[in-house]
1. Test of understanding: in a Gaussian network model of the chain with alpha carbons linked when under 10 Å, which of 112, 15, 69 would top the mean-square fluctuation ranking?
2. Helix 35-56 versus the longest principal axis of the chain: what angle, 0 to 90°, nearest 10, using Cα atoms?
3. Compute the angle between helix 104-125 and the longest alpha-carbon principal axis of the chain, please, reported from 0 to 90 degrees and rounded to the nearest 10.
4. How far apart, in nanometres, would the label points at residue 32 and residue 19 be if each is projected 7 angstrom from Cα along the Cα-to-Cβ direction?
5. Among 106, 82, 1, rank each residue by its count of other Cβ atoms within 10 Å, from fewest to most, as a rough exposure measure.
6. With bins 5 Å wide starting at 0, give me the P(r) of the range 1-63 over every alpha carbon pair, in whole percents.
7. Where the centre of each part is set by its Cα atoms, how far does the range 32-90 sit from the range 101-134, in angstrom?
8. If we sort 26-39, 83-96 on the protection proxy, mean other Cβ atoms within 10 Å, highest first, what's the order?
């Protein structure tokens, strides 16, 4: 696949996983806007987005067709480890926007900024360390 096609798919998959992430967050925060629900929302939303993004990236961006359970588990752990850096950026940006404004739309704008920057860093880490032989 050409570089432009991969870039398009990566952006599309980032949008899809981000929408699932934000949907999970919105559902959880519909019950309460407390700090406990906020923390639960970002953790569960991030986990849902991570799983979706991993399988999309593995299948279509890095085209890793190996599907043995131990291999996929190892790749997912490494993929998740690389995600720590992007998650810190994402959660930090989203949290700052939430703390300052305590408004749903501003929290989501912060999330979008954080996710965008985080995904740029994540792609480079995944390409170099996770799917290097693919």
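Each value in this text was obtained by applying a stated rule to the coordinates, not by laboratory testing. Being a predicted model, the structure only gives us computed values, none of them experimental. Backbone-built Cβ (ideal geometry, glycine too); neighbour counts: all protein chains shown.
1. It is 69.
2. 20 degrees
3. Tilt of helix 104-125: around 20 degrees.
4. My value for the distance between the label points is 3.1 nm.
5. With the fewest neighbours first, 106, 82, 1 line up as 1, 106, 82.
6. In order of increasing distance, the bins hold 4, 20, 23, 17, 12, 10, 7, 5, 2, 0 percent.
7. Centre-to-centre distance over Cα atoms comes out at 11 Å.
8. Packing order, densest peptide first, comes out as 83-96, 26-39.
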